[in-house]
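Since every read-out is calculated from the coordinates, none of them should be taken as a lab result. Every value quoted in this text rests on a predicted model; they were computed, and no experiment measured them. With ideal geometry, Cβ positions are generated from the backbone for all residues, glycine too; neighbour counts draw on all protein chains shown.
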Amino acid sequence: MVIKTLETGHYDGLGTVRFDRSRRARRLNISIRPDREIRVAVPQGVSLKTAMAFLEKNRDWVVRSLAKIQRVENAGAEVDYHDYHTREHRLILEPRPSPELLINIARGLIRVQYPSNLAETEDSVQWAIKKGIIEAFRMEAKKHLPQRVAVLADRFGFECNKVFIKNMKSRWGSCSAKNNINLNLQLMRFPDELVDYVILHELAHTRVKNHGKLFWQQVAAICPDHIEHRRQLRRFKPIIL
């Protein structure tokens, strides 16, 4: 099968979308890979503009399919928040005689104060806990990740455009057609070697936009333990709000 990538880019609400010209495709077709990359197969004679319009026409189906995949993966994957620490913050839960639910992040603490008549397992309290943790991750990620991208890009001779920190629901990172790198703020949950692997993976995409043989050869050259790192990352799922 002969495939030529026409364009790869990041679409809001969808993630990475790759448009591939395929001689064997008889009609426009959308598929979703296990790594959440969305592929649009474009037959000969069909323009990229037409393929993009086809994607937009079927956006609702893609969003529902991604949500279904996420629900399956998240089944039973709850986080234990007792004695919970991020890299730079510690979670404190404080019941108090007040109807207000407050979140404060300062001086190395994520302080969640909630009405004493509510249990920690109540949905509203759980939401506040997750919200506080996500915001702590955001602060830490903005401090650490762009600098780390710069260090690794310089070390291995890559060039990227901008680095964006996002709370992505199904991906740890992505690279746009303009070589903007998006990193999930929840990478701050992981040890340095896994963070570096995700960054190197996306830096490799600045040169190769697909996950073909050439791409994995580049990854292996700069990250010899990439197979083990990928295996470890599959054990984790983002905290969903």
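Structure notes:
- Listed by Cβ neighbour count within 10 Å, with the fewest neighbours leading, Leu55, Leu48 appear as Leu48, Leu55.
- When the chain is treated as a Gaussian network with alpha carbon springs shorter than 10 Å, the biggest mean-square fluctuation among Ser170, Ser124, Ser31 belongs to Ser124.
- By the helix-only formula, in which each DSSP H run with n ≥ 4 contributes -39500 (n - 2.57) and the sum is divided by residues, the chain has a 222 nm mean residue ellipticity of -12500 deg cm²/dmol.
- Counting only Cβ charges, +1 for Lys and Arg and -1 for Asp and Glu, the dipole size of the stretch 3-74 around its Cα centre is about 400 debye.
- With the charge dipole of the stretch 67-198 set up from +1 on Lys and Arg Cβ and -1 on Asp and Glu Cβ about the Cα centre, the Cα lying farthest toward the positive end among the listed residues Val151, Tyr197, Leu93 is that of Val151.
- The ellipsoid that matches the Cα gyration tensor of the chain has semi-axes, each √(5λ) in whole angstrom, of 37, 23, 14, with the longest given first.
- DSSP bridge pairs, the chain: antiparallel proportion in percent, nearest 5: 55
- Ranked list, fewest to most other Cβ atoms within 10 Å of each Cβ, for Lys209, Lys49: Lys49, Lys209
- Couplings 3J(HN,Hα) for the stretch 182-198, derived from phi with the Karplus relation 6.51 cos²θ - 1.76 cosθ + 1.60 (θ = phi - 60°), are 9, 10, 6, 4, 6, 4, 5, 6, 9, x, 4, 5, 6, 4, 4, 4, 4 Hz, where x marks Gly and Pro.
- Selection from Thr8, Ala177, Pro43 lying farthest towards where the dipole of the chain points positive, charges on Cβ: Pro43
- Take every Cα pair under 8 Å whose residues are at least 6 apart in sequence, average their separation, divide by the length of the chain, and the relative contact order is 14 percent.
- When the Cα gyration tensor is reduced to axis lengths a ≥ b ≥ c, the ratio a/c is 1.5 or higher for the stretch 90-233, and with a/b above b/c it is classed as prolate.
- Considering only Arg21, Arg96, Arg138, the mean-square fluctuation computed in a Gaussian network model of the chain, springs between alpha carbons under 10 angstrom, is largest for Arg96.
- Taken about its Cα centre, the chain carries a charge dipole of about 1340 debye when Lys and Arg each add +1 at the Cβ and Asp and Glu each add -1 at the Cβ.
- Note on the stretch 186-241 and the stretch 1-58: Cα centroid distance 23 Å, given to the nearest whole angstrom.
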